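Asks: Below you'll find the structure I mean.
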Amino acid sequence: MLKIGHLKEGDIISINDEGVTREGTVVKISHEENQALVDNGIQEFWFNPEEMTAIPLDEDQLLKLGFTREEENGSVKYKRDSFRLVTPKKGDFTNVEMWWREDRRHFSFPLGVHELQNLHLDMTKVQLLKH
């Protein structure tokens, strides 16, 4: 379950569409109705928080978002423009350090794709979308 207050337009999330799990993009948020309008690639539909979950951040998701990968002394660095994200070892996204210019942040818990998108927007003022 995702909280409506944690979502922004453009966030990529997972939705439960009548028992079928699909990836979707948040189009609009209604705080009054506590729902998000999500485009699942087929149609746009309003979903409640119980029907939405985070997509776990992993290498496949980073590559879909346009990051390139570089191994460095056992750790893995992902780069997109001047934004950087480092994991201590391949496939371990439970401990992530990210930075853009002098803004450095460290997370010792798994992030969802939408959380990375919101952090990227907060740090760079540029929305992180799929390529």
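Asks: Are any residues in segment 2-12 farther than 16 Å from HIS120 by Cα and either of a type in the set (Val, Ile, Thr) or part of a loop (DSSP other than H, G, I, E, B) (or both), and if so, which ones?
Replies: Residues satisfying the conditions are LEU2, LYS3, ILE4.
Asks: State whether one or more residues within segment 86-94 are of a type in the set (Gly, Ala, Ser), crowded, with 20+ Cβ neighbours inside 10 Å and within 21 Å of ILE12 (Cα to Cα).
Replies: So far as segment 86-94 goes, no, none of its residues is of a type in the set (Gly, Ala, Ser), crowded, with 20+ Cβ neighbours inside 10 Å and within 21 Å of ILE12 (Cα to Cα).
Asks: Which number in (1) under 21 Å from LEU128 (Cα atoms); (2) in contact (Cβ under 8 Å) with a residue 12 or more places away in the chain marks the one condition that LYS77 misses?
Replies: Only one criterion is unmet by LYS77, namely (2).
Asks: Separate question: Exactly one of (1) modelled with pLDDT of 95 or more; (2) under 17 Å from ARG69 (Cβ atoms) is unmet by ASP92. Its number?
Replies: The number of the failed condition is (1).
Asks: While we're on this one: Got at least one residue in segment 21-30 being outside any strand (DSSP E or B) and of a type in the set (Gly, Ala, Ser)?
Replies: no
Asks: Can you confirm whether ILE42 is of a type in the set (Val, Ile, Thr) and touching a residue at least 24 places away in the same chain (Cβ under 8 Å)?
Replies: no
Asks: Turning to a different aspect of this structure: Among the numbered criteria (1) modelled with pLDDT of 95 or more; (2) of a type outside the set (D, E, K, R); (3) not in a strand (DSSP E or B), which one does GLY41 miss?
Replies: Going through (1) modelled with pLDDT of 95 or more; (2) of a type outside the set (D, E, K, R); (3) not in a strand (DSSP E or B) one by one, GLY41 breaks only (1).
The values are calculated or read from the model by the stated rules, or taken from the named source; none is laboratory data. Everything numeric here is computed off the predicted structure, so don't read it as measured data. Glycine gets a Cβ as well: all are built from the backbone with ideal geometry, and neighbour counts include every protein chain shown.
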